1. For the stretch 227-250, indicate whether the set of residues that are away from ligand 1 (no atom under 16 Å from the Cβ), closer than 27 Å to ASN82 by Cα and of a type outside the set (Ser, Thr, Tyr) is non-empty.
2. Which of the residues that make up the stretch 27-53 are assigned to a loop (DSSP other than H, G, I, E, B) and either among the acidic types (Asp, Glu) or closer than 24 Å to VAL177 by Cβ (or both)?
3. Given the options VAL149, VAL208, name the one that is within 15 Å of ligand 1 (Cβ to nearest atom), closer than 26 Å to SER62 by Cα and not hydroxyl-bearing (Ser, Thr, Tyr).
4. Output the number of residues of the stretch 28-77 satisfying the condition of being β-branched (Val, Ile, Thr) and over 27 Å from VAL461 (Cβ atoms).
5. Scan the stretch 275-282 and tell me whether some residue there is of a type in the set (Asp, Glu), at pLDDT 95 or above, touching a Phe, Trp or Tyr at 6+ places or on another chain (Cβ under 8 Å) and under 19 Å from ASP440 (Cβ atoms).
6. Quick check: is even one residue across the stretch 288-302 out of contact with any strand residue (DSSP E or B) (no Cβ under 7 Å at 6 or more places or on another chain) and closer than 22 Å to ALA378 by Cα?
7. Can you tell me which residues in the stretch 182-202 are without any contact (Cβ under 8 Å) to a residue 60 or more places away in the chain and within 14 Å of ligand 2 (Cβ to nearest atom)?
Amino acid sequence: MKTTRTEEVKMLLAGEWVQREETISVINPQNNECIATVPRASKEDMKYAIESAHKKFSSLESWPVHERIRILKYVSRYVSDNAESFARTIASESSKTINEARGEVARSAQTLEIAAEETRRIQGETINFDQVEGNENKVGYYYHFPVGVVGAITPFNDPLNLVAHKLGPAIAGGNAVVLKPASETPLSALKLAEAFTEAGLPEGMLSVVTGPGREIGEELVNHPYIKALSFTGGTDAGKKITEKTGTRHVNMELGSNSPVIVLNDADLKDAVAACTDGGFSAAGQNCISVQRVYVEQDSYPLFLEEFIKETKKLKMGDKFTEDTDVGPLISEKEAKRVEQWIHEAKAGGARVETGGVRNGAYVEPAILTNVPPDSTIAKEEIFGPVVLVEPVQNLKEAVDKSNDVEYGLQAGIFTRDVNRAFYAVQNLQVGGVMVNDSSDFRIDAMPFGGTKDSGIGREGVKFAIDTLTEKKVVSFKLSSPF
Ligand SMILES: NC(=O)c1ccc[n+]([C@@H]2O[C@H](COP(=O)([O-])OP(=O)(O)OC[C@H]3O[C@@H](n4cnc5c(N)ncnc54)[C@H](O)[C@@H]3O)[C@@H](O)[C@H]2O)c1
Ligand SMILES: O=C[C@H](O)CS(=O)(=O)O
């Protein structure tokens with residue numbers, strides 16, 4: 001590994017920026033350069049963060065809505081004002097190109113702005129108790145109150161916006177929050193935490209604790225003061241965590257293997273463009289990346305030809321070069337896994353139509369056909385720049401094949417026929433269906449999450465706030481004062 005002068009970045013522990021003797025290196029996957037170190041927190045550090053958050057939360061007599069709005073707006077503005085600096089941090093520590101990183105920064109500012117707006121809208125309702133006979137003398141309402149301390153765990157692939165999706169709703173709901181960011185990409189989260197401290201977030205209400213998932217992440221999951229757990233990451237880790245969350249509130253945003261259906265009446269040019277973008281942006285490391293495309297028989301040859309042509313145009317290279325389309329994977333280890341899955345599929349009879357060659361952490365954008373249905377690459381989440389294309393006889397076959405995996409996050413369908421689109425909407429077992437778009441579509445205010453092994457609950461600020469707050473019903477039994 002090349003050594004340069006590395007920055008020693010501190011973590012935010014209960015209101016203090018602290019260093020630790022043991023550190024974790026943050027590696028730029030493009031060249032294996034160590035760009036910074038962060039503390040390798042101990043279980044005791046995590047325990048301290050949680051207990052301090054609990055103490056602080058319990059001691060706050062109230063945390064007015066106008067104050068939470070002010071803080072969230074301040075941080076949103078801070079992200080916009082420092083957009084290029086945030087983008088450079090994302091592109092350095094993750095596998096995103098500088099342009100992909102700029103897009104993520106803009107979305108993060110929006111996510112926080114939405115959180116500020118939603119704080120204003122956290123309201124209850126009056127309840128008509130007299131809809132049930134015998135309750136004519138009752139009046140009342142319900143309202144939302146914070147759960148207390150929220151535990152948040154985030155993955156490497158969107159190191160800023162997915163952190164904004166944890167901190168924004170947690171703070172909007174009036175909670176304290178302890179975040180464990182991905183070990184590969186902790187710098188964006190720490191930079192965002194700086195903005196929260198600068199905004200005047202009460203000390204101790206936020207800790208960002210850096211270290212390995214299996215040690216400090218588990219401590220976070222197991223601690224009884226954590227009243228809600230918001231996790232985004234792989235299905236394996238998500239399932240292990242869910243075994244331990246018991247009766248606490250959870251949001252589990254997990255993996256996928258997203259399908260797109262292209263019917264004969266589709267606009268093929270649109271479908272090709274959307275699948276190229278949705279399959280290969282972020283080098284395929286996106287939870288809603290296009291992984292499988294089912295094309296109706298008559299359109300298959302032309303779709304495949306055009307998809308290969310567009311994919312070959314993508315420029316893979318240096319993340320900071322403005323016209324680079326595809327960066328590396330998050331590590332060489334991940335790139336080797338993707339390469340191995342391609343080899344396994346090839347050994348089973350798959351054809352690699354383009355790409356698939358690995359160089360360090362880079363894998364050329366690949367299109368595979370004739371993939372055995374039981375191969376790992378067909379069943380599991382590839383999380384890399386590989387798309388499988390398959391002809392189908394009709395819509396029903398496409399929908400059945402789309403559903404034939406354990407995941408169910410999002411799907412896309414290209415057709416001009418509203419009836420066929422509606423059949424897909426009703427029968428695809430997923431959390432979102434995009435008509436005339438690929439699976440890779442999201443805005444930060446929409447409900448976002450999956451069925452089956454893709455998770456539990458929904459993010460999207462308003463929906464996350466719902467998980468991170470409790471509802472209390474109040475009923476007054478009245479008697480005549482006279
Ligand atoms: N559905 C969504 O919204 C969404 C969004 C982004 C990423 N993802 C998924 O995330 C995965 C890629 O990210 P990753 O490789 O960082 O995922 P990962 O599961 O390896 O790690 C995610 C986070 O969990 C921590 N962790 C791991 N094991 C843990 C444990 N036993 N207890 C507590 N914490 C633990 C990690 O340190 C990290 O912070 C993909 O599967 C992708 O689909 C899902
Ligand atoms: O990895 C999945 C992402 O959360 C989807 S998006 O990047 O927010 O669109």
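1. Of the residues in the stretch 227-250, the ones away from ligand 1 (no atom under 16 Å from the Cβ) are 227, 247, 249.
Filter once more, keeping what is closer than 27 Å to ASN82 by Cα: none.
Among the residues of the stretch 227-250, not one is away from ligand 1 (no atom under 16 Å from the Cβ), closer than 27 Å to ASN82 by Cα and of a type outside the set (Ser, Thr, Tyr), which makes the answer no.
2. Keep residues of the stretch 27-53 that are assigned to a loop (DSSP other than H, G, I, E, B), which gives 29-32, 40-42.
If the condition is that a residue be assigned to a loop (DSSP other than H, G, I, E, B) and either among the acidic types (Asp, Glu) or closer than 24 Å to VAL177 by Cβ (or both), then ARG40, ALA41, SER42 are the ones that fit.
3. Exactly one residue qualifies, and that residue is VAL208.
4. Within the stretch 28-77, residues that are β-branched (Val, Ile, Thr) and over 27 Å from VAL461 (Cβ atoms) number 3.
5. In the first step, residues of the stretch 275-282 are kept if they are of a type in the set (Asp, Glu); the result is 277.
Among the residues that remain, those that are also at pLDDT 95 or above are: 277.
Of the ones still in play, those that are also touching a Phe, Trp or Tyr at 6+ places or on another chain (Cβ under 8 Å) are none.
There is no residue in the stretch 275-282 that is of a type in the set (Asp, Glu), at pLDDT 95 or above, touching a Phe, Trp or Tyr at 6+ places or on another chain (Cβ under 8 Å) and under 19 Å from ASP440 (Cβ atoms).
6. Pass one, the stretch 288-302, residues out of contact with any strand residue (DSSP E or B) (no Cβ under 7 Å at 6 or more places or on another chain): 298, 301-302.
If we keep only those that are closer than 22 Å to ALA378 by Cα too, we end up with 301.
Yes, the stretch 288-302 contains a residue that is out of contact with any strand residue (DSSP E or B) (no Cβ under 7 Å at 6 or more places or on another chain) and closer than 22 Å to ALA378 by Cα.
7. Answer for the stretch 182-202, where residues must be without any contact (Cβ under 8 Å) to a residue 60 or more places away in the chain and within 14 Å of ligand 2 (Cβ to nearest atom): just ALA182.
Here is a yes/no grid of residues against (1) assigned to a strand (DSSP E or B); (2) over 30 Å from SER95 (Cβ atoms):
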| position | (1), (2) |
| --- | --- |
| PRO372 | no, no |
| ALA378 | no, no |
| VAL387 | yes, no |
| PRO391 | yes, yes |
| ASP400 | no, yes |
| VAL405 | no, no |
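The values are calculated or read from the model by the stated rules, or taken from the named source; none is laboratory data. Because the structure is predicted, anything quoted here is derived from the model rather than measured. All Cβ positions, even for glycine, are placed from backbone atoms using ideal geometry, and neighbour counts span all protein chains on display. Calculation scope for accessible area: heavy atoms of the full protein, side chains included, ligands and nucleic acids excluded. Shrake-Rupley method; radii C 1.70, N 1.55, O 1.52, S 1.80 Å.
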